[in-house]
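The values are calculated or read from the model by the stated rules, or taken from the named source; none is laboratory data. What you see is a predicted model, and the numbers here were worked out from it, not measured in a lab. Heads up, the Cβs are rebuilt from the backbone with ideal geometry, glycines too, and the neighbour counts pull from every protein chain shown. Heads up: the accessible areas ignore ligands, DNA and RNA and are worked out on the full protein's heavy atoms, side chains in. Shrake-Rupley method; radii C 1.70, N 1.55, O 1.52, S 1.80 Å.
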There are 2 protein chains.
Amino acid sequence: MTTLPDTPFARVDRAKVARNVARLRAHLDDLGVTWRPHVKTSKALEPTAMIFDGGTGPITVSTLAEAEFFADAGYTDILYAVGIAPGKLERVARLRRRGVDLMILLDTVAQAVAVADFVAGHGESLPVLVEIDTDGHRGGVRPDDPQLLEIARVLADGGAEVRGVMAHAGGSYFATTPQAQRDAADEERRATVDAAERLRAAGHAAPVVSVGSTPTAHAASDLTGVTEVRAGNVVFFDLVMAGIGVCAVDDLALSVVATVIGRGPDDASILTDAGWMATSSDRGTAAQAVDQHLGLVTTDEGEVLPDLLMVGASQEHGVLAIRPGVERELPDLPVGSRVRILPIHACATASQHDHYEVVAGEGEPCSERWERCRGW
Amino acid sequence: MTTLPDTPFARVDRAKVARNVARLRAHLDDLGVTWRPHVKTSKALEPTAMIFDGGTGPITVSTLAEAEFFADAGYTDILYAVGIAPGKLERVARLRRRGVDLMILLDTVAQAVAVADFVAGHGESLPVLVEIDTDGHRGGVRPDDPQLLEIARVLADGGAEVRGVMAHAGGSYFATTPQAQRDAADEERRATVDAAERLRAAGHAAPVVSVGSTPTAHAASDLTGVTEVRAGNVVFFDLVMAGIGVCAVDDLALSVVATVIGRGPDDASILTDAGWMATSSDRGTAAQAVDQHLGLVTTDEGEVLPDLLMVGASQEHGVLAIRPGVERELPDLPVGSRVRILPIHACATASQHDHYEVVAGEGEPCSERWERCRGW
């Protein structure tokens, strides 16, 4: 496929994916931990295979649809890292009967009771990770919470397998210095290892200790006691990650290609055919030191256009303007010009597309199409 | 299909769609104008057919993929209402050769030159609407701008057809009183009719005068000189529309069904399995008098849970909490309970889904699935 796709479309630079993957792979190899990448960013087979040198390996998913999609492609070691809804256990069991070692996650006694009941009623075990709250960010039980042992007891009594613990240091996305990110990584490690030790002291095997936001995965310098890291955004990176220094803007492998279709009122803005339907309306840098609004803009050759931002969007219209507070002329981008929008949040931007148009590297034509898994 | 779908999913109440459609249909019939609904909200055949008593009719689309999808279903009178990118003209022409009267939109001389060149090179005409800026909201030429006549001249000289004018009173979404909405509707009518008169005085036929945001379509009391209204959000409505009084919360036909999976830190929030991937992260009510954050929450029977809002989201986690500033206990929603999230912006929420699970009315099971058109 070498025809120029219609805009807007999601463009991926394969060389940048390879570079991002190699960097984290080397770091995790140094630390001696398994990489169980979260595939929810790309939801595609090809960039995931690049993490495993073309093969398969342990992965993390955000939906059972992803688990099924990757299982169909030969993946057999999968963690479904969203707290289990009891109504989904039958579908989990179906995947396990296909030979997939699918682990589930939970953090309440009520979920543990539902799993124990399910296991008792089906005569099949289920491996479970207990979610640990390391930073008060979202879900999980604190490592010293009595509920941790109560959950494990309910699971074990019912015949389910207490496989271990998992944490997502979501607070690390707001850690803006290398030291703060190292501190978040240390805290994530300490809390999960403590929780696993408590489970083991209570007689549970709990062999798995799973950590790993993308910032903590890159910042960690010691992962003693941790068995696996789940970072996944790294395949594409985004402006949120660049904003806290986890990557450079030049590492961003995903962009949305758009066409200029006109000018806004008083010639103060440039209109494109990529609205929020193509970019998402994620505003993840709004609270960062530098707000990138809905995205940085580059030329069709990938050069960042100084101070040009996507500042507004309707469904199929993007509005580009000079960064508020900066005095500068709009660049000369006549109707029909192509530009690229660098994503604020790669997971959100990618989710607006059914597939990626892939180039081997800068200056190369679109030569591959990677399909995404969709739905739930 | 009567099995209960896994959460999260997009649920549509067909009876509410019918009621919303009937109300606007009666109003537009009273005003004596054609309804050319924008199908970008649902992007589905079934709710669109409900507007035409099961048949087809004139429609408005936001992408050429929608134009092709509806053309495949027998629609032959289509307005592509996003300023044309010159690179898309060949695809427009292919649809026209299939017998679809596809109109395009533009608002710059550069686009007019591209269209004229294309028409001259292909020996086929193209009907064009010129976008009129009625409120400085996004694109368009002001009705008194000399460029209006220049654009029309370039088109006509090149052999394209100056079919008329179109405006989208985007500013009306911020008109919070009935009078302000009527004023926006009057201004939209006046500006478009003026622009059409200028074109006619210059010798162009310009038979079409197209208006219609959802608020102005409902507020208009006189559409003299207007030939068609494009409102489309009306099929589902949303909290943005309810927030400015265009509909009631009970009119919202679309919701996202979610399952409770736990509690947040300090039991101060309820976690669900519907994150931004299911609801979008649209914050369209942030600037309204009452900020509904990421959505109102109802029981699985459709009763609004007082002061319970979706206040946060990650990809597959929703966070429900009591409205900031209100003292109230969280409702008793144990793990496994189902709730519904009413959308802030129906177009954005719907865009996160490939299909709708449809019920005939409240209390009825999901009995139909409506597929959405996707991509560009």
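Test each condition in (1) over 19 Å from the mean Cα position of the chain (by Cα); (2) under 18 Å from A:Asp6 (Cα atoms); (3) within 11 Å of chain B (Cβ to nearest Cβ); (4) open to solvent by 30 Å² or more (accessible area, probe 1.4 Å) for A:Ser337 and report the one that comes out false.
Tallying (1) over 19 Å from the mean Cα position of the chain (by Cα); (2) under 18 Å from A:Asp6 (Cα atoms); (3) within 11 Å of chain B (Cβ to nearest Cβ); (4) open to solvent by 30 Å² or more (accessible area, probe 1.4 Å), A:Ser337 fails exactly one: (4).
Out of the residues in segment A:295-304 that are over 12 Å from A:Asp238 (Cβ atoms) and of a type outside the set (Ser, Thr, Tyr), which is surrounded by the most Cβ atoms within 10 Å (Cβ to Cβ)?
Pass one, segment A:295-304, residues over 12 Å from A:Asp238 (Cβ atoms): A:297-304.
Among the residues that remain, those that are also of a type outside the set (Ser, Thr, Tyr) are: A:297, A:300-304.
Numbers: A:Val297: 26, A:Asp300: 14, A:Glu301: 9, A:Gly302: 15, A:Glu303: 10, A:Val304: 14.
Per the stated criteria, the residue is A:Val297.
Just need a number here: residues in segment A:126-170 that are basic (Lys, Arg) and closer than 21 Å to A:Arg91 by Cβ.
Qualifying residue count, segment A:126-170: 1.
How about segment A:47-83: which of its residues are charged (D, E, K, R), within 18 Å of A:Arg372 (Cβ to Cβ) and either open to solvent by 30 Å² or more (accessible area, probe 1.4 Å) or away from chain B (no Cβ under 14 Å) (or both)?
The answer is A:Glu68, A:Asp72.
Tell me, which residue of segment A:255-283 that is part of a helix (DSSP H, G or I) and more than 23 Å from the chain's Cα centre (by Cα) is farthest from the other protein chains (Cβ to nearest Cβ)? Please lay out each step first, then the result.
As a first pass, look at segment A:255-283 and keep what is part of a helix (DSSP H, G or I): A:265-267, A:276-279.
Remaining after also requiring more than 23 Å from the chain's Cα centre (by Cα): A:265-267.
Values: A:Pro265: 5, A:Asp266: 8, A:Asp267: 11 Å.
Top of the filtered list is A:Asp267.
Inside segment A:99-117, can you point out the residues that are under 23 Å from B:Thr272 (Cβ atoms), more than 12 Å from every other protein chain (Cβ to nearest Cβ) and either touching a helix residue (DSSP H, G or I) at 6+ places or on another chain (Cβ under 8 Å) or part of a helix (DSSP H, G or I) (or both)?
A:Leu102, A:Ala116
Looking at (1) more than 23 Å from B:Ile84 (Cβ to Cβ); (2) at pLDDT 95 or above; (3) of a type in the set (A, V, I, L, M), which is the only condition A:Ala287 fails?
All conditions are met except number (2).
Given the structure, is B:Asp29 within 30 Å of B:Ile104 (Cβ to Cβ) and assigned to a loop (DSSP other than H, G, I, E, B)?
Working: within 30 Å of B:Ile104 (Cβ to Cβ): yes; assigned to a loop (DSSP other than H, G, I, E, B): no.
Against the criterion (within 30 Å of B:Ile104 (Cβ to Cβ) and assigned to a loop (DSSP other than H, G, I, E, B)), B:Asp29 does not qualify.
Taking the conditions exactly as written (open to solvent by 30 Å² or more (accessible area, probe 1.4 Å), in contact with a Gly (Cβ under 6 Å, 6 or more places away or on another chain) and under 21 Å from A:Gly375 (Cα atoms)), does B:His345 satisfy them or not?
yes
If you take just the helices (runs of 4 or more DSSP H) that sit entirely in segment B:138-254, which of them hold at least 2 residues that are in contact (Cβ under 8 Å) with a residue 12 or more places away in the chain, out of contact with any helix residue (DSSP H, G or I) (no Cβ under 9 Å at 6 or more places or on another chain) and more than 30 Å from B:Ala15 (Cα to Cα)? Can you show your working first?
Details: elements: B:146-158, B:178-201, B:214-219, B:239-243.
Here the list reads B:178-201.
Could you say which residue among B:Arg189, B:Arg153 is away from chain A (no Cβ under 14 Å), more than 20 Å from B:Met241 (Cβ to Cβ) and surrounded by fewer than 22 Cβ atoms within 10 Å (Cβ to Cβ)? Write out each step before concluding.
Values: B:Arg189 fails: surrounded by fewer than 22 Cβ atoms within 10 Å (Cβ to Cβ).
The match here is B:Arg153.
May I ask you to say which residue of B:Ala184, B:Ala196, B:Ala258, B:Ala206 is modelled with pLDDT under 95, buried (at least 19 other Cβ atoms within 10 Å of the Cβ) and in contact with a Gly (Cβ under 7 Å, 6 or more places away or on another chain)?
B:Ala184
Return the residues of segment A:261-294 that are at negative phi, hydroxyl-bearing (Ser, Thr, Tyr) and open to solvent by less than 20 Å² (accessible area, probe 1.4 Å); say none if nothing qualifies.
Within segment A:261-294, A:Ser269, A:Thr272, A:Thr279, A:Thr285 qualify.
Answer yes or no: is there a residue in segment B:117-127 that is closer than 30 Å to B:Arg97 by Cβ, crowded, with 24+ Cβ neighbours inside 10 Å and out of contact with any Pro (no Cβ under 8 Å at 6 or more places or on another chain).
no
Could we say that A:Leu31 is surrounded by fewer than 22 Cβ atoms within 10 Å (Cβ to Cβ), under 19 Å from A:Val229 (Cα atoms) and either within 17 Å of the chain's Cα centre (by Cα) or not acidic (Asp, Glu) (or both) here?
yes
With closer than 28 Å to B:Val113 by Cβ, in contact (Cβ under 8 Å) with a residue 60 or more places away in the chain and touching a Gly at 6+ places or on another chain (Cβ under 9 Å) as the only criterion, which of A:Ala313, A:Ala321, A:Ala278 stands out? Before you say what the answer is, go through the steps one by one.
Details: A:Ala313 fails: in contact (Cβ under 8 Å) with a residue 60 or more places away in the chain; A:Ala321 fails: in contact (Cβ under 8 Å) with a residue 60 or more places away in the chain.
None of the others qualify; the one that does is A:Ala278.
When you go through (1) part of a loop (DSSP other than H, G, I, E, B); (2) more than 10 Å from every other protein chain (Cβ to nearest Cβ) one by one for A:Arg96, which number turns out not to apply?
(1)
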